[in-house]
Amino acid sequence: MPVIESRIDRDSADFQQDRDAMLAALRPFEALAAAVLEAGGPKSVDRHRGRGKLIARERVDLLLDEDAPFLELSTYAGAHDPESQPGGRLITGIGPINGVECMIVANQPTVKGGSLNPDAVAKQLRAFDIAHRNRLPLVTLVESGGADLPRQADTFAFGGRIFRDISRLSAAGIPTISLVFGSSTAGGAYLPGMSEYTVLVKNAAHVYLGGPPLVKMAINEDIEDEALGGAEMHSRTSGLADYLADDERHAIRLGRQIVGDLGWRKSGPPPSSRADEPIYDRSELLGCAPSDSKRSVEVREILARVLDGSRFDEFKAGYGTQLVTGWGSIAGYPVGVIANNGILFSAEANKGAHFIQLANARDIPLLFVQNITGFMVGSAAEHGGIIKDGAKMINAVSNSTVPHLTLMVGASYGAGNYAMSGRAYDPRFVFTWPNHRIAVMGGPQLGGVMSIIRRAAAQRSGAEYDEAQDARVRAEIEDMIDKQSHAAYATGRQWDDGVIDPRNTRTILGLALSATHSAPVVGATRFAPFRM
């Protein structure tokens, strides 16, 4: 297979400008990562440890195989809300337990008692969806006060889907395991109740539909936590507990033992290509995305630093040149690549639809690399059938049955987002670089469109046009779109599965492909905040 020849000039002004811009875009996420790892702050953590308890990340770390990689997901959930603790009060991610890749969901009791707000519900539902579609055993580490009562109206509406989805995992033959370390109250009691295997920690786990105060108010019964819903009661009387753990570490050992005894095997094929490193330095990816959306950057330079051995067998290289398609592999897993090298014309749309059909015929996952301002507009494009041809590509994406992974390395505007398998098209995973922007159109474009409309209205009415006001409105629109299209806003609302450092792109895509290949459809690394 041909090797991509890099033409990057690391000493060029453009490369240095793009690299500096990417490093600047990373800095806010470094601050967010520190807030996520803070887990509620030193006071909450010290109080939690004072009760003899492990914090959530320590529980996850002990549960996973030693020095194993952990692909943390939705890390910055809630980052769009200045009043919310980023992280969604949960840790979710994929990692090996006794050699079995599992989806892990861990409550963070040091953040608002692990109570669930709307961000937490959305994050947990996304984790369950990934587990279902990729056939990953689910292990939940439970310690939560249930719904966040001040936000209960927003939380309750979709919170019930947590119990629906865990039931559907079991119906699909996917194992579900709950390790209960503390409170599991009200609706939260159904999570261990609906799991196939349940471990409760002695003198710590309390599982009940209504706690002692509610029982007193409802039926005037006086009863203590342990007698009402303690681990030993559920182990000896109700039968809810399948295993009674002496302490938290014992519970984690039991969880590892349960997973090890499942006999779970991947359904998808193993890696079939050489998983050798790219021949180019991954740090050069910092300069491989445009700092100015009006200037394109050669997407093959990104592929050269992500694909195994920098090898790429390009398909239709001379046709529809602003869409790059071809075959390669990541971590030994074959992939078909569809990557933007500019705006989409009719030729690009037809080429993309054709390639998607070929990938489906060969049962090879598709990697979409997005840097797209949309489909071409104007009379020439319209007369040439851009709507019809764009619809072909969107139709092909919609009906594709192989796993899709989407990587957003720049702009993602308009129907270009759809044609390149944006979130609305259910890719298995979506990851973004910190410079990413997502919207119907960019701020300057929207501001200009609205200015033209206002100017035309003034002309029709014979009114004098206020140029100063026009300038102010355009600036306000640009500022609004910049905030709402920013990567932190998008990832906070969980439109993706994580913002990643470009230098970690190959590692993360490799872990995602490995998880994807647990589905029948077809060197360990630690990096904060993905691992302690």
Please give the net charge around L141, taking every other residue with its beta carbon less than 10 angstrom from that of L141, where Lys and Arg add +1 and Asp and Glu add -1. -1
Gained length - A391 relative to S267, 0.36 nm times residue gap less alpha-carbon distance: 41.3 nm
Shape call for the range 163-212 from the C-alpha gyration tensor, a ≥ b ≥ c root eigenvalues: rounded (a/c under 1.5), prolate (a/b greater than b/c) or oblate? oblate
According to a simple spin-label model (label point 7 Å from Cα along Cα-to-Cβ), what is the distance in nm between S296 and R454? 3.3
Loop sites in the range 206-298: GluC sites (Glu not before Pro), DSSP, at most 12 other Cβ within 10 Å: E221, E224
Calculate the spin-label point distance for D470 paired with S283, positioning each point 7 Å from the Cα along the beta-carbon direction, and give it in nanometres. 4.9
Compute for the range 326-484: radius of gyration divided by Kirkwood radius, i.e. Rg/Rh, restricted to C-alpha atoms, rounded to two decimals. 1.09
Roughly how many percent of the accessible protein surface of the range 68-148 is carbon and sulfur, given a 1.4 Å probe and a whole-percent answer? 46
Given the rule -39500 (n - 2.57) for each run of at least 4 DSSP H residues, summed and divided by the residues of the chain, what is its mean residue ellipticity at 222 nm, to the nearest 500 deg cm²/dmol? -12500 deg cm²/dmol
The range 194-312, accessible area per residue, ligands and nucleic acids excluded (1.4 Å, Å²): 52
Expressed as a percent, the portion of alpha-carbon pairs in the range 301-363 spaced more than 14 Å apart is 54
Residue separation times 0.36 nm, minus the C-alpha to C-alpha distance between E5 and A275: what's the value? 95.3 nm
Ordered by residue, what ³J(HN,Hα) values in Hz, to whole numbers, does the range 414-422 give under the Karplus form 6.51 cos²θ - 1.76 cosθ + 1.60, where θ = phi - 60° and Gly and Pro are x? x, 5, x, 4, 5, 5, 9, 6, x
Extended-chain gain in nm, criterion 0.36 nm per residue less alpha-carbon gap, N504 and E232: 93.4 nm
Label point 7 Å out from D129 along Cα-to-Cβ: which residues of the range 489-512 have amide N under 12 Å? 494-497
Quote the charge dipole size of the chain about the Cα centre in Debye, to the nearest 20; the model charges only the Cβ of Lys and Arg (+1) and of Asp and Glu (-1). 760
Gyration tensor on Cα atoms of the range 280-323, a ≥ b ≥ c root eigenvalues, a/c under 1.5 rounded, else prolate if a/b beats b/c, else oblate, says oblate
Can you work out the FRET efficiency for the pair A380 and A172, with r the C-beta to C-beta distance and R0 = 56 Å, to the nearest 0.05? 0.70
If r is the Cβ-Cβ distance from V45 to Q16 and R0 is 41 Å, what FRET efficiency results, to the nearest 0.05? 0.50
Here the Kirkwood hydrodynamic radius of the range 20-102, Cα-based and in Å, equals 14.5
Once you order the gyration tensor axes a ≥ b ≥ c over the Cα atoms, which shape class does the range 381-466 get: rounded for a/c under 1.5, otherwise prolate or oblate by comparing a/b with b/c? oblate
May I ask for log10 I(q)/I(0) of the chain at q = 0.06, 0.07, 0.08, 0.09 Å⁻¹, from a Debye sum over the Cα atoms as equal point scatterers with solvent left out? -0.33, -0.44, -0.56, -0.70
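The values are calculated or read from the model by the stated rules, or taken from the named source; none is laboratory data. Remember, predicted model here, so these are calculated numbers, not experimental data. Backbone-built Cβ (ideal geometry, glycine too); neighbour counts: all protein chains shown. To get the accessible areas, we keep the full protein, side chains included, count just its heavy atoms, and leave off ligands, DNA and RNA. Shrake-Rupley method; radii C 1.70, N 1.55, O 1.52, S 1.80 Å.
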